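Before any comments, here is the structure.
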């Protein structure tokens, strides 16, 4: 269902001329108000008035997460604090968090793109939206909340945690749409089973999941476990929060990025060169309408490709392919690039184990080691050692076939791998930092 | 003729074995025989107890992975070649022993060995046909 008929189906030429106009305004805005950008444009020998076509953007410098840290907390804001009405920050697992500020208009646009995203996922006014994204500094909770209200749905501001209560509310209040991280949705499903409840008695029909990469196989598993359609949503706090791109329920094939507000490019992460549509590389986004903290060519570290072909849903906005991982999450193990999502895609097809896993990377005698911990479930467990050994050999073999590296598989007792209520922690890297 | 055996997945870390025995002990379950098969990472504890269903339920409640299988308790004459003769019967009948372990208690003058076979029915038939005493399940768990 379209939320904003006019903008969601703008002809390509109209999208591109709108993008050019807005891009020019954004460049002028940051050049005038953000010393960091004025300096970085000067160093690169570029100026906003040199942007004659969209392609000219390639000459402008990138913005990195580190630039946000260096300008902590408000250095990249392009609006004075009296115009900022909301501040969010990323979790900041490594050092200081990255801080973002929103003007009133930013908040309105966020609600608009989030409402579009809900509608694209098939949600409507009559839905009860159970929002289990965390409320707080994290953008997920409030971002989804405002969009759900804008859509006109009934939103339940659950936030994360307190899983049993979530399930009671979901059942009693007749929640129809669930928003949370994909890993938390599986934990919810597991708890529903443990409580002896039948998911078919719930009214849930759609789940909108994001904030961490998840595989197509995990989608099948979530859809089966919760008896819903699972839709992938994309966003990042630096750019806005949730609602930058979403799959349409019609095709479920790639995520429409709202191109009237965000300008996407795909680059080679090594050279920084812009790649053609269809080629895989790092997603770079320039905000087109943001006032609080506009970002120019922000390197998301997310690996995907752009799909320019028209979609059967009628939306004219390009799609990004489902993420194959973040270049940040990428592990280099004995020289091989490994994304946790690749290992997940192996594990999730093995029905004798639970969909929870932990990767432990270490170094022994100058050699990287990878240990994959998985939980044994009752379907797999046998009184015979050889059955379990066959299982761990099979997992090791399939990972070796896919990635070409040998790992150690450790079978652990059920429920011993920590369940997350937000973003799942899948990797522990014990290697000494270089 | 068959005995219920419960088996429990145990990670190779300190305290797990103690936890299993504590959980079933507090439920009033008495262990009749046990064997532990282990690898470097995990082990499988196999138990013959007086109340198999109760033991399984309390362990499951505590989050253990538990499985119930059926095994056979065989009376073995307590003298040289006693066990050998039984194994020879099984071999001649082409019955594969998955694993076996000894029972703590004796049955009169005889020892008792627990056997796990891939084909339980055939094994019982071959043993009884050769005059070897397979003990009834109630007798074993009540010993």
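Inter-label distance, residue A:70 to residue B:50: 7.6 nm, where each label sits 7 Å from its Cα along the C-beta direction. With both residues required to sit in region A:1-327, DSSP beta bridges show an antiparallel share near 65%. The Stokes-Einstein estimate for the protein assembly as shown, based on a Kirkwood radius over Cα pairs and taken at 37 °C with 0.692 mPa s viscosity, is a diffusion coefficient of 120 µm²/s.
State the antiparallel share, in %, of DSSP beta bridges confined to the protein assembly as shown, rounding to the nearest 5. Counting only bridges with both partners in the protein assembly as shown, antiparallel ones make up about 75 percent. A Gaussian network model of chain A, with springs between Cα atoms under 10 Å, assigns the largest mean-square fluctuation among A:260, A:127, A:362 to A:362. Across region A:1-327, Cα-Cα pairs farther apart than 39 Å form 12% of the total. Extending 7 Å from Cα along the Cβ direction at residue B:109 and again at residue A:13 yields two label points whose distance is 10.7 nm.
Averaging 1/r across all pairs of distinct Cα atoms in region A:331-429 and inverting the result yields a Kirkwood radius of 14.0 Å. This ranking places A:179, A:163, A:33 by how few other beta-carbon atoms lie within 10 Å of each, fewest first, which gives A:33, A:163, A:179. Normalised by 2.2 N^0.38 Å, where N is the number of residues, the alpha-carbon radius of gyration of region A:218-275 equals 1.42.
Secondary-structure-derived ellipticity at 222 nm for the protein assembly as shown, considering helices only, amounts to -9500 deg cm²/dmol, per-run term -39500 (n - 2.57) for DSSP H runs with n ≥ 4. Averaging over all projection directions, the Cα-based convex hull of region B:18-143 occupies 8.6 nm² in the image plane. Quick one, what does Rg over Rh come out to for region B:70-141 if you take C-alpha atoms and the Kirkwood Rh? Radius of gyration over Kirkwood radius for region B:70-141 works out to 0.92. Note on region A:240-374: Cα Rg divided by 2.2 N^0.38 Å, N the number of residues, gives 1.25.
Here region B:2-69 is treated as an ellipsoid with the same Cα gyration tensor; its semi-axes, largest first and in whole Å, are 18, 13, 10.
Which FRET efficiency value, to the nearest 0.05, do you get for residue A:162 and residue B:19 by plugging their Cβ-Cβ distance into 1/(1 + (r/R0)^6) with R0 = 35 Å? Plugging the Cβ-Cβ distance into 1/(1 + (r/R0)^6) gives 0.80. Taking chain A as a Gaussian network of alpha-carbon nodes connected by springs under 10 Å, the highest mean-square fluctuation of the residues A:403, A:283, A:306 belongs to A:403.
For q values of 0.17 Å⁻¹, compute log₁₀ I(q)/I(0) with the Debye formula on a Cα-only model of region A:1-124, without solvent. So the normalised log intensities work out to -1.12. Note on residue B:78 and residue B:139: with the Förster distance fixed at 25 Å, the Cβ-Cβ geometry gives a FRET efficiency of about 0.90. By the count of other C-beta atoms within 10 Å, a proxy for reagent exposure, A:190, A:259, A:28 are ordered fewest to most as A:28, A:190, A:259. Note on region A:331-429: antiparallel DSSP beta bridges, both residues inside, total approximately 60 percent of the bridges counted.
Quick note: the coordinates plus some simple rules give every number you see, no bench work behind them. Everything numeric in this text was worked out from a predicted model, so none of it was measured. Here the Cβ is made from the backbone with ideal geometry for all residues, glycine too, and neighbour counts use every protein chain on show.
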